[in-house]
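Report on one structure; see the data block that follows.
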Amino acid sequence: MQPWVWIIVALVVVAVVSLVYWYSQQQKTRQLRQRFGSEYDHSVEKMGGERRAQEELQARTERVEHLQLRPLSPEDRQRFGDSWQSVQATFVDDPARATKEADALVTEVMRVRGYPTSDFEQRAADISVEHPAVVEHYRAAYAIARRSERGEGTTEDLRQALVHYRALFQDLLETGSAQGPAQEREEARDDRVWHKAA
């Protein structure tokens, strides 16, 4: 066989391998984008590139797969739901305290669900794997709560923090909008109360 034939064969093999690699990378990117949503873009920005972001998101996924996550018992769900109602009632008279209590309550729900709770950044990363749609709510609420501790932020800021905490809280309780119109009416009532407090 002529040398030029071997060269062509080698080039074809390289082209095929490159195409397969490119396709697999595209599939990986698509799957991660689909799974993490806006958290994918957040990670790309934070990590400074897609490749590093993908490695980080994959590492998060593998870490969370090894956690002993569990659903809440009906008793825990009821107990936490009652605690949340208390937090919302506190907001009318003491928005800063209510925000602090909401942060502690969300952290406690995470602990009971099986998430490590020692470090905020790690908590947010872990939450993003199973709850990617609400992790930005968590970051926003946490940032407002920290500003409030420094004496910064308005009552409206604190109301927004509570709304953000509620989004994650409901997702962790696995209620979401599953309770239907009654739950939506209750949330609308809560929002009216918070606006009056502001």
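Scanning for something in contact (Cβ under 8 Å) with a residue 12 or more places away in the chain and exposed (fewer than 14 other Cβ atoms within 10 Å of the Cβ), does region 58-65 turn up at least one residue? Before the answer, list the steps.
Restricting attention to region 58-65, the residues satisfying the condition of being in contact (Cβ under 8 Å) with a residue 12 or more places away in the chain are 58, 60-61, 63-64.
Narrowing the set further to residues that are exposed (fewer than 14 other Cβ atoms within 10 Å of the Cβ) leaves 58.
Yes, some residue in region 58-65 is in contact (Cβ under 8 Å) with a residue 12 or more places away in the chain and exposed (fewer than 14 other Cβ atoms within 10 Å of the Cβ).
Checking residue 9 against (1) assigned by TED's automatic domain parsing to the domain that holds residue 129; (2) over 30 Å from residue 162 (Cα atoms); (3) β-branched (Val, Ile, Thr): exactly one of these is not met. Which one?
Checking residue 9 against (1) assigned by TED's automatic domain parsing to the domain that holds residue 129; (2) over 30 Å from residue 162 (Cα atoms); (3) β-branched (Val, Ile, Thr), the one that fails is (1).
Being surrounded by fewer than 20 Cβ atoms within 10 Å (Cβ to Cβ) and either among the acidic types (Asp, Glu) or farther than 30 Å from residue 55 by Cα (or both): is that true of residue 158 here?
On the way: surrounded by fewer than 20 Cβ atoms within 10 Å (Cβ to Cβ): no; either among the acidic types (Asp, Glu) or farther than 30 Å from residue 55 by Cα (or both): yes.
So residue 158 does not fit the description; no.
Sort out which residues of region 138-148 are in contact (Cβ under 8 Å) with a residue 24 or more places away in the chain and farther than 20 Å from residue 111 by Cβ, and write them in order of number.
The initial filter retains those residues of region 138-148 that are in contact (Cβ under 8 Å) with a residue 24 or more places away in the chain, namely 138, 140-142, 144-145, 148.
Within region 138-148, 140, 144, 148 meet the criteria.
Among the numbered criteria (1) loosely packed, with under 15 Cβ neighbours inside 10 Å; (2) in contact with a Ser or Thr (Cβ under 9 Å, 6 or more places away or on another chain); (3) at pLDDT below 90, which single criterion is violated by residue 10?
Every listed condition holds for residue 10 apart from (2).
With (1) closer than 23 Å to residue 60 by Cβ; (2) buried (at least 18 other Cβ atoms within 10 Å of the Cβ) as the list, and residue 98 as the residue in question, which single condition is left unmet?
So residue 98 meets the others, but not (1).
The values are calculated or read from the model by the stated rules, or taken from the named source; none is laboratory data. Nothing here was measured: the structure is a model prediction, and the numbers come from that model. So basically every Cβ, Gly included, is an ideal-geometry build from the backbone, and we count neighbours across all protein chains shown.
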